[in-house]
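Step one of this worksheet: look at the structure below.
Values in this text are rule-based calculations from the coordinates and carry no lab data. Keep in mind that what you see is a predicted model, and the values were worked out from it rather than measured. Quick reminder, even Gly has a Cβ in these numbers, built from the backbone with ideal geometry, and neighbours come from all protein chains shown.
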Amino acid sequence: MDKVVLRTKRDVITFVNDHPTGSSRGKIIALIALGSIFIDAYDFTSLAIGLDSMKAELNPTPFQVGTTTSAMAVGALLGAIFGGYLVDKLGRYKLLILDLVLFVVAAIGAALSPSIEMLIFWRFLLGLGVGLDMPAALSLVAEFTRNRDKGKFVNLWQPMWYAATITSAALVLPLVFLGMEEHMWRWAVGFGAVPALVILVLRFLFADESPMWAAHNLGMGEAVKILRKNFPSTEFVIEDGEVESETDTRISRIFERGYRLRSLVVAVVSGFQAAQYFAVGFYLPVIVGLIFGQDVVAIVIGTILLNVFGLLGGGIQPFLTHRFGGRVLTLIGSAICVLALIAVGMVEVESAPYLAAILMGAFIFGHSFGPGSQGKTMATLSYPTDLRGTGTGWAEACSRVGSIAGFYVFPLVVAAVGLSQTMIFLAAVPLIIFVTVLVARWDPKDVDIEAGSVGPAAGSASPALAPRQP
């Protein structure tokens with residue numbers, strides 16, 4: 001059995017980050033944490049496919065429709081503003097349990113809503129859960145995986161997202177064939193409680209608090225208890241080390257020198273990718289209807305097929321992150337998005353609907369390959385343990401501002417100038433991401449994030465962590 005001496009909280013972080021294989025149990029915990037991303041995405045997109053049935057049943061005004069579709073984004077914005085700070089203050093595990101309870105209760109409440117006002121209320125609570133969940137889930141993933149695997153595991157949130165959007169659309173098909181279109185939205189929204197309940201049970205059975213967060217906030221003893229569960233073949237010995245200062249959890253730290261540039265890049269990538277996704281991605285059934293007509297089955301199948309492009313792009317990029325870094329992936333993906341949107345705008349949709357659909361698929365691929373995935377991953381990997389929740393909360397807040405803009409602006413612009421012209425206008429969004437990332441040159445790849453340094457990471461572990469034979 002290897003023996004490891006731990007003297008400081010930095011030793012705990014270095015042990016996990018530099019472990020040669022990583023913890024198998026830790027990887028399971030990371031995947032369970034990513035399970036909540038499936039729920040986030042499902043809850044965000046489930047109403048889109050049943051929007052027409054909801055309108056027919058509840059008869060909302062246009063303003064109420066806009067408020068209903070954006071209520072989750074508003075709730076997520078508020079949840080992210082406070083959630084990131086709470087994740088760093090109270091811990092990852094507590095927030096992950098709380099938000100899953102919210103997911104279960106709010107999904108059932110939304111499905112049973114007797115009025116549009118109650119639906120808006122429950123959708124807001126769902127959004128609040130999403131805002132709390134993202135910083136907690138992604139922080140936990142990053143803090144249970146070694147450096148070599150961090151980018152890959154954190155970036156798995158993107159294929160998880162598209163798997164959920166495909167699931168939400170696929171669930172609608174049996175309802176259509178069974179003639180249950182009248183209450184389609186209720187079934188689609190309510191089903192979100194099922195995966196939430198499954199993930200909640202799994203978290204109770206397997207999840208732990210982050211050993212890195214525990215070292216910062218609960219003491220070395222608690223951190224070692226968690227490490228022993230996840231690295232059973234290692235003997236951990238705590239020895240007195242240097243006296244460490246208390247953790248500074250001020251939110252303003254992410255805007256101070258040393259963090260300012262990365263916080264700017266994180267804000268632009270996260271905010272603008274959300275604007276383009278929720279302008280196009282959330283309204284994908286509407287766009288498919290404009291291209292292929294209003295047949296419900298054609299809209300559902302078209303939506304599923306276009307989201308497969310997102311599953312492909314999101315599924316490829318996690319395995320390229322460690323080699324190329326998030327900056328390169330963002331530049332490539334943003335360039336694809338710019339070209340695809342301009343091309344869609346120049347195509348005569350009525351005479352070439354299949355070409356327009358393929359180009360929309362290219363946009364979804366580019367988005368998930370680059371800025372879509374990095375909108376959350378870059379923030380998760382750009383901040384040290386004591387700021388990771390705050391940093392991911394900042395990214396999530398920017399993302400929700402972008403999503404609200406996408407929800408509201410896109411339908412207004414389409415109504416004013418049509419789909420083709422809207423796509424050309426929308427190309428400015430990924431172009432802004434491309435230029436910002438190109439000029440700023442921030443990439444957490446090969447950076448010692450925990451040291452607060454922007455220089456190359458140290459190539460070797462702390463001497464205190466070198467395994468020794470007893």
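For Lys94 and Leu264, calculate 0.36 nm times their separation in residues minus their Cα-Cα distance, and state this gained length in nm to one decimal.
Result: 58.3 nm gained on full extension.
Could you give me the ³J(HN,Hα) list for the stretch 99-107, computed from phi with Karplus coefficients 6.51, -1.76, 1.60 and θ = phi - 60°, whole Hz, x at Gly and Pro?
For the stretch 99-107, the Karplus-derived couplings read 5, 5, 4, 4, 4, 5, 5, 5, 5 Hz, x marking Gly and Pro.
Quick one: which of 286-297, 412-423 comes out on top by average Cβ neighbours within 10 Å, and what's the full order, highest first?
Ranked by mean Cβ neighbours within 10 Å, highest first: 286-297, 412-423.
For the ranges 326-332, 165-171, what's the packing order if you count other beta-carbon atoms within 10 Å of each residue, average per peptide, and put the highest first? Mind dumping the intermediate values first?
Details: 326-332: 23.3, 165-171: 21.4.
Highest-to-lowest ranking by the protection proxy: 326-332, 165-171.
Pop a pseudo-label 7 angstrom from the Cα along the beta-carbon direction at both Arg25 and Met180 and give the gap in nm to one decimal.
Calculated label separation equals 4.1 nm.
On a 21 Å Cα-Cα criterion, which of the cross-link pairs Lys9/Lys376; Lys94/Lys225; Lys9/Lys89; Lys152/Lys229 come out too long?
Pairs exceeding the cut-off: Lys9/Lys376; Lys152/Lys229.
Classify the stretch 307-356: rounded, prolate or oblate, from the alpha-carbon gyration tensor (a ≥ b ≥ c, eigenvalue square roots; a/c under 1.5 rounded; otherwise prolate if a/b is larger than b/c)?
In terms of gyration-tensor shape, oblate.
Val447's amide H: which non-local residues (gap 5+, or another chain) put their own amide H closer than 5 Å, with H modeled 1.01 Å from N in plane and none for Pro or chain starts?
For Val447, whose amide H was placed from the backbone, the distant partners under 5 Å are Ala457.
Just subtract the alpha-carbon distance of Ala451 and Val297 from 0.36 nm times their residue separation and send over the number in nm, one decimal.
Gain in length upon complete extension: 50.1 nm.
Quickly rank 92-104, 112-124, 207-219, 377-389 as a protection proxy: mean count of other C-beta atoms within 10 Å, highest first.
Those peptides, ordered most packed to least, come out 377-389, 207-219, 92-104, 112-124.
Where a Cα-Cα gap under 17 Å defines reach, which aspartates and glutamates qualify for Lys3, not counting those fewer than 8 residues away within the same chain?
By straight Cα distance, Lys3 reaches Asp11, Asp18, Glu235, Glu239, Asp240.
Can you list residues from other chains, or at least 5 along the same chain, whose modelled amide H is less than 5 Å from the amide H of Asp2?
Close amide H contacts, sequence-distant or interchain: Glu235.
Suppose the chain between Glu239 and Glu350 were pulled fully straight at 0.36 nm per residue; how much longer would it get relative to their current alpha carbon spacing?
32.7 nm
Put one equal scatterer on each alpha carbon of the stretch 256-299, apply the Debye formula with no solvent term, and list log10 I(q)/I(0) at q = 0.18, 0.23, 0.24 1/Å to two decimals.
These q points yield log10 I(q)/I(0) values of -0.61, -0.75, -0.78.
Given R₀ = 30 Å, FRET efficiency for Val435-Arg257 by Cβ-Cβ distance, to 0.05? All intermediate terms of the calculation are to be shown ahead of the outcome.
On the way: r = 23 Å, r/R0 = 0.78.
Given R0 = 30 Å and the Cβ-Cβ separation, E is 0.80.
Using every alpha carbon pair in the chain, what percent of pairs falls into each 10 Å bin from 0 up to the bin containing the largest distance?
4, 21, 31, 24, 12, 5, 2, 0
With a Förster radius of 41 Å, plug the Cβ-Cβ distance of Phe206 and Gln421 into 1/(1 + (r/R0)^6) and report the FRET value to the nearest 0.05.
For Phe206 and Gln421, the calculated efficiency is 0.25.
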